[in-house]
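Bear in mind that the values in this text are calculations on the coordinates, not laboratory data. Bear in mind that the values here come from a model prediction, so they are computed numbers and not experimental data. Backbone-built Cβ (ideal geometry, glycine too); neighbour counts: all protein chains shown.
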Amino acid sequence: MASPYRINLPVYEGPLDLLLDLIRKQEMDIHNIPIAKVTEQYLDYLHGIEKLDIDVSADFIYMAATLIHIKSKMLLPADPLAGPEDQQDPRDELVHRLLEHEKFKNAAQLLYQKQQIEDHVWSRPDRELYTGDAIEGEMVVSLVDLVKTFQEILERRKEVTKFSLHHDTVTIAQMMDRLRQRLLAGEDAVSLVDFFETCETRNAMIVALLAVLEMVRMQAVILVQSELFSDIRVRKHKMFDAVFAGPEAMSKIEEQYL
């Protein structure tokens, strides 16, 4: 008896995951997406799901409609009476969403990798690395607490409608230096919530999170709480001065993240 015909389709968490996969696997330029080709491949994936009698979520269907709308707008001739500011590429908003989503995915992957290392490699870590600098009455913060706080701040940021002009991008090294300067300014400890909320954009907040994680890894800072569920604060680790010793310290860190 012949074996049944099987169709194996990759599973994606959402439509942006699917689009990113289509773009990256074919080495397309994300800033110049061939929208007709991507739309065709996206719809082929949805049709494949329908053949398997799998319910397609509304998010995937909405993205399909968005792609078709963008494709139709690109087929229309440009308005000769429109000024340069009105001739925006119909793909710009989609590109922005894809780039932001990719940064979130990368940040989430980094956090997952760090958690896996802690769970499976550092089975007996040197506890002085985490507790040596905490003042009496303080608790060292876990990775789970850090991520939870970051997610809460992101949710609050979503609720605030902001109209902002273009912001210059900031690197991980620059964000590390920003936190270093605040700690050198004489502050006993920096509120993590305050540090994240000074970031102008969600992308900058992601960079700030990666900067904090990197400074913890380098043993430059330690994250503490005065009590359970209280505000997380960033305090200088006992190795802080050694990590940033010498005039070339920040230059070397900058080079590392180029």
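Structure values in brief
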quantity: Long-range HN-HN contacts of VAL221 with modeled amide H, under 5 Å; calculated: VAL216, HIS237
quantity: Exposure proxy order (Cβ contacts within 10 Å, fewest to most) of TYR42, TYR62, TYR12; calculated: TYR62, TYR12, TYR42
quantity: Table column - 3J(HN,Hα) (Hz), region 58-68, Karplus curve with 6.51, -1.76, 1.60, x for Gly and Pro; calculated: 4, 4, 5, 5, 5, 5, 4, 5, 5, 4, 5
quantity: Region 209-249 - percent relative contact order, Cα under 8 Å, separation 6 or more; calculated: 34
quantity: Ascending count of other beta-carbon atoms within 10 Å, so fewest first, for LEU43, LEU20; calculated: LEU43, LEU20
quantity: Exposure proxy order (Cβ contacts within 10 Å, fewest to most) of LYS236, LYS105, LYS25; calculated: LYS25, LYS105, LYS236
